[in-house]
1. Identify all residues within the range 96-117 that are at pLDDT below 95 and among the hydroxyl-bearing types (Ser, Thr, Tyr); write none if there are none.
2. Under 7 Å by Cβ, and 6 or more places apart or on different chains, what pairs join a residue from the range 166-181 that is without any contact (Cβ under 8 Å) to a residue 60 or more places away in the chain with one that is open to solvent by less than 40 Å² (accessible area, probe 1.4 Å)?
3. Is it the case that Gly141 is in contact with a Leu (Cβ under 7 Å, 6 or more places away or on another chain) and surrounded by 13 or more Cβ atoms within 10 Å (Cβ to Cβ)?
4. Taking only the range 67-96 into account, find how many residues are crowded, with 20+ Cβ neighbours inside 10 Å, farther than 15 Å from Leu147 by Cα and of a type in the set (Val, Ile, Thr).
Amino acid sequence: MKLVHLLRKALFRSRMDGMRDMLRELVYVNRTMVVIEKDIRESRPAPESEIRFVVVDNSNLKEYDGKSEWRIVSHYCSRGARCVMAYRENSLLGYQFYTRENSFRDLLKMGISMGKDEAYLFDLFVFPEHRGTDVPRIITGWTFNHLVSEGISKIYGFYYSDNIRSLWWHRAVLKCKELKRIRVNRIFMLEWTDSRTVANL
């Protein structure tokens, strides 16, 4: 159920980033969503021999049942997304979701229809103790190379313009191309943009 997922995600966010950031994701008015794209064919991951990667989808999801991050991963992977998870020994450092499904809700909201060689990346997460290190670059670089091996040449994503850390990441580090800006509003389960209202179910 979407409401249960939303609450779990909010509680997880409050533990990782504090109550203020959690509330900012649940209620906002006139926030600007910046939609981006990037050609990833020349991407190379940063070297890191101690980090291993696992790609989780609906076929191997049950192997991760019971782990602290499992419920968030389960929610998306059971809906057609995949999750790239980065470990050092048995410690999870972070993860990145992606999907190739055009029916994914974010894509409908942004008005994007992907081609067969395109993917949508969302919810890059790195645990606080690994932020400010090379871990986000390594996860992203590995994900890009993995997608290229699957025949993907371009990715889409978005960030909110008031999220300075995310803005810097997409502009200065990933060097993404901005496609459009969409005004979005959210009050818990109800979301609306300039052109449409959507129940977040």
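1. Correct list: Ser103 only.
2. Hits for this filter: Ser166/Tyr159; Ser166/Tyr160.
3. So Gly141 does not fit the description; no.
4. Counting residues in the range 67-96 that are crowded, with 20+ Cβ neighbours inside 10 Å, farther than 15 Å from Leu147 by Cα and of a type in the set (Val, Ile, Thr) gives 1.
The values are calculated or read from the model by the stated rules, or taken from the named source; none is laboratory data. Fair warning: this is a prediction, and the values are worked out from it, not measured in the lab. Note: ideal-geometry Cβ built from the backbone for every residue, glycine included; neighbour counts use all protein chains shown. Side chains included, ligands, DNA and RNA excluded: accessible areas come from the protein's heavy atoms. Shrake-Rupley method; radii C 1.70, N 1.55, O 1.52, S 1.80 Å.
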